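Here's the structure, in structure tokens; my notes come after.
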Amino acid sequence: MNFFSLKVTILLICLIPINILYAQENPIFNIGYYDLEEDIRYDIWGVHPVDIRSNTNQLYKRPIAGAELGLKDIKPFQRMSKVKFDLVKRRIKPDEEAAEAIYNHIKENDIKFILLDFPLAELLKITNKINDLDITAINVSSKNNNLRSSQCNKNLFHTIPSERMLSDSLAQYLSEKKWRKILVLTGPLKVDEAKSKSFIESAKQFGLKITGERNFVLGNDPRARDQNDLDFLTGAAKYDAVYIADTLKEFSYRVPFATHKPAIVIGSSGLIPRAWHWSYLRHGAPQVHGRFERMHERRMTEEDWAAWIAMRAVAEALVRFQDNENFSFRNAFIDESFKLDGSKGPILNFRPWNRQLRQPIMLSTENWVTSIAPLNSFVHRENNLDTIGMDNKTSKCAN
Amino acid sequence: MRFINFIYQNFVKLCFIGFLIATFSSNAETILISNEGSDNITIIDLKSYEVLATINGGKRPRDMHYIPKSNSLLVAASEDDTIYRIDLDTYEITGKLETGDDPEIFDISPDGKIAVVSNEDDNAATVIDINSGKIIRVIEDVGIEPEGVNFSPDGKLVYITSEGTNTVLIIDPWAGKVIEEILVGNRPRRGAFTKNGQEYWVTNELGGTVSVIDTNSYKVIHNIKFEKKGIRSTEITPVDFAMSNDGKLAYITLGRSKHVAVVQTENYKVIDYILAGSRVWGAAISSDDKTLIVTNGNSDDISIIDTDKRASIKSIAVGITPHTVRIID
């Protein structure tokens, strides 16, 4: 008996089952991830001498962390999708033209799909520039309503909810609670104005009454106390709730328990509508939180979730649709049978009219999900998730 | 009068002795419910529907399996990272099995030698020697959030549903290998073999369907859909099975829709929907196929269903968030 040949035979026998599953090396599928080095949304403030936002642990909260978890989570799909997923990251420097840099990066690195984390203005420039590349993109952070309406783009999908979905969710909750008189406080930024505008539209749709609209500013200037002092800002009006639009959250933290009249605070503090919150404990969400926290040692934000689910959308489309004739992500995403599991209850899919991911919204405090929208009493003739956000009649998205 | 007094005085004692006999001498015809929110197990008489006892189940007790030979119960206590062995004569925990992190669903080989458990957080399945309680091996990469675990009737293979990967993985637990992976619907939760072992049925909780896999070809040969007037498709979230012992019917709990579907196994036809409780999940059927028990996770109770009438005849309050139900009869 030749021991060497016996060993070789045993080795070969052992390798057979592995060969069946991993017969050939799958081609690489590059997913590009782009964001800005200097992005006001990720500015660090309020950390000296103590981090006043430590409850949410948001010091470093770029959603690329969610995409990284997504990459890890879609690796097991590789046996079925027959491609090897990779995430190629590119951060745009302040002196670079984002659209140009991304355009070249996609061409040079064989990028097949992209995730975009940009504010509105850059996002519009980028999507216009890459239109002729015919690559599908997912917006993971901009909630701007116009992106889902008058300024939509046929190649741009959204996994982060729109402002309108968030404000509709709040309005449903207030309507159900019969807290119908609302005072609106708006911050100095354009995005703050857009938030308030969206909320006012939602209030109108769900039968709430806006009893006052006021603008706040940061500071202690006694001459501007009608705008920086809460007693003045919230005085002389009748309301059940105070809505505050403060994207940077520098002012809104001080509003709960400090309004002139007893009232709940909603919007940017108090009860906050979010796509995702780490305190949600149902529908498999704790497993996702757990994997994220073990990987990144911080809480998972809604933008992290949007990037994570975007990665899952790519894998899901490839696994179930890539063998179809004329496969494209654009068609697969809006196919009637496309289904995505976002670990927050119902099955998710994209609205074909504006490519927004349908999804429940978590109405949450800093450490608890108080309610989930759509609320049970709001029904839609086709899909209850369409009671929040722009439906095919209100969206002005033409292409 | 003295005689009546004697009877009266001893009546209480007799009742107590009778109770003891009923509780401790045998566990024939009982319903066992694990309550994951209140860390206990409710034991109910299958005939009278009286709650006989509520016993400690470890932290977050979920799946359970009965071992007739020793009249004991194996309970996966997810937060204790272990499977406890509970003596059903004394209701005491008498041992435990190593499981790895967060065991939820497990199954026992037909010969009773090994158990296979899914470790949801580690994307792994653990193979355990039941006698020694020691881990034999860990099979990694069984998809994301593996959940349902079933030994094939011949005991050679284990089928695992992977919630996050939308697949069923077929593994050889004796050799520790992944044999095959099959794409099913969205969020596959649990599986069950048909009585003849020719098919493996899988509930797709978010897909709202049941995938039927041929156990010879490993192909999905049918998708069972559920439709009932008045129930939206998004409410139909199938989770658990009870296969009738005569092999003819499958009872499938439909979660948020509050209904249990009755399906004919020979032609996959859905013949009825039975109203149960809120978020109906776990299911078990008595050996005579007359009584179906389901757990209602959102209303902390169970529904007793008469399978001839195809109707719930009673609901019984149990612990918080009832998870698994087993019937010993």
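Residue-level check: of (1) closer than 18 Å to residue B:146 by Cα; (2) within 12 Å of chain A (Cβ to nearest Cβ), residue B:208 misses just (1). The number of residues in the range A:286-327 that are within 11 Å of chain B (Cβ to nearest Cβ) and within 17 Å of residue A:357 (Cβ to Cβ) comes to 5.
Results for (1) among the hydrophobic types (A, V, I, L, M, F, W, C); (2) under 30 Å from residue A:386 (Cα atoms), shown as yes or no for each residue.
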position	(1), (2)
B:203	no, yes
B:217	no, no
B:231	yes, yes
B:242	yes, no
B:248	no, no
B:258	no, yes
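Scanning the range B:223-237 turns up no residue that is at pLDDT 95 or above, under 19 Å from residue B:149 (Cβ atoms) and within 12 Å of another protein chain (Cβ to nearest Cβ).
Residues that are under 12 Å from residue B:188 (Cβ atoms) and either within 14 Å of another protein chain (Cβ to nearest Cβ) or surrounded by 22 or more Cβ atoms within 10 Å (Cβ to Cβ) (or both): does the range B:120-129 have at least one? The answer is no; no qualifying residue exists.
Going through A:169, A:150, A:141 one at a time, which residue ends up being touching a residue at least 24 places away in the same chain (Cβ under 8 Å), part of a loop (DSSP other than H, G, I, E, B), closer than 30 Å to residue A:384 by Cα and out of contact with any Cys (no Cβ under 8 Å at 6 or more places or on another chain)?
Working: A:169 fails: part of a loop (DSSP other than H, G, I, E, B); A:150 fails: out of contact with any Cys (no Cβ under 8 Å at 6 or more places or on another chain).
Among A:169, A:150, A:141, only A:141 is touching a residue at least 24 places away in the same chain (Cβ under 8 Å), part of a loop (DSSP other than H, G, I, E, B), closer than 30 Å to residue A:384 by Cα and out of contact with any Cys (no Cβ under 8 Å at 6 or more places or on another chain).
Looking across the range A:70-85, the residues that are over 22 Å from residue A:323 (Cβ atoms) and either surrounded by fewer than 21 Cβ atoms within 10 Å (Cβ to Cβ) or among the basic types (Lys, Arg) (or both) come down to A:71, A:72.
Going by the conditions given, is residue B:156 touching a residue at least 12 places away in the same chain (Cβ under 8 Å) and outside any strand (DSSP E or B)?
yes
Answer with yes or no whether residue B:182 is within 14 Å of chain A (Cβ to nearest Cβ), in a strand (DSSP E or B), within 24 Å of residue B:266 (Cβ to Cβ) and without any contact (Cβ under 8 Å) to a residue 60 or more places away in the chain. Spelling it out, residue B:182 is indeed within 14 Å of chain A (Cβ to nearest Cβ), in a strand (DSSP E or B), within 24 Å of residue B:266 (Cβ to Cβ) and without any contact (Cβ under 8 Å) to a residue 60 or more places away in the chain.
Scanning the range B:203-237 for residues that are assigned to a loop (DSSP other than H, G, I, E, B) and touching a helix residue (DSSP H, G or I) at 6+ places or on another chain (Cβ under 8 Å) returns B:208, B:227, B:232. Summed over the range A:72-83, the residues that are out of contact with any helix residue (DSSP H, G or I) (no Cβ under 6 Å at 6 or more places or on another chain) and more than 7 Å from chain B (Cβ to nearest Cβ) give a count of 5.
This table checks each residue for (1) of a type outside the set (A, V, I, L, M, F, W, C); (2) part of a strand (DSSP E or B); (3) touching a His at 6+ places or on another chain (Cβ under 9 Å).
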position: B:267; (1), (2), (3): yes, no, no
position: B:274; (1), (2), (3): no, yes, yes
position: B:299; (1), (2), (3): yes, no, no
position: B:312; (1), (2), (3): yes, yes, no
position: B:323; (1), (2), (3): yes, yes, no
position: B:327; (1), (2), (3): no, yes, no
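Of all residues being without any contact (Cβ under 8 Å) to a residue 40 or more places away in the chain and buried (at least 17 other Cβ atoms within 10 Å of the Cβ) in the range B:185-198, which is farthest from the other protein chains (Cβ to nearest Cβ)? Just the residue, please. Ranking the candidates gives B:185 first.
State yes or no: is residue B:86 within 18 Å of the chain's Cα centre (by Cα), surrounded by 18 or more Cβ atoms within 10 Å (Cβ to Cβ) and under 24 Å from residue B:157 (Cβ atoms)?
no
Note on the range B:155-169: among residues that are more than 11 Å from chain A (Cβ to nearest Cβ) and among the β-branched types (Val, Ile, Thr), the one that is nearest to residue B:198 (Cα to Cα) is B:158. Just one of the listed residues (A:44, A:16, A:52) is more than 30 Å from residue A:155 (Cβ to Cβ), within 14 Å of another protein chain (Cβ to nearest Cβ) and either modelled with pLDDT of 95 or more or out of contact with any strand residue (DSSP E or B) (no Cβ under 6 Å at 6 or more places or on another chain) (or both), namely A:16. Among the conditions (1) touching a helix residue (DSSP H, G or I) at 6+ places or on another chain (Cβ under 8 Å); (2) in a loop (DSSP other than H, G, I, E, B); (3) under 28 Å from residue B:194 (Cβ atoms), residue B:101 misses just one, which is (3). Looking across the range A:336-365, the residues that are surrounded by fewer than 20 Cβ atoms within 10 Å (Cβ to Cβ), farther than 20 Å from residue A:170 by Cα and away from every other protein chain (no Cβ under 14 Å) come down to A:352, A:353.
The values are calculated or read from the model by the stated rules, or taken from the named source; none is laboratory data. Values in this document were obtained by computation on a predicted structure and should not be read as measured data. Heads up, the Cβs are rebuilt from the backbone with ideal geometry, glycines too, and the neighbour counts pull from every protein chain shown.
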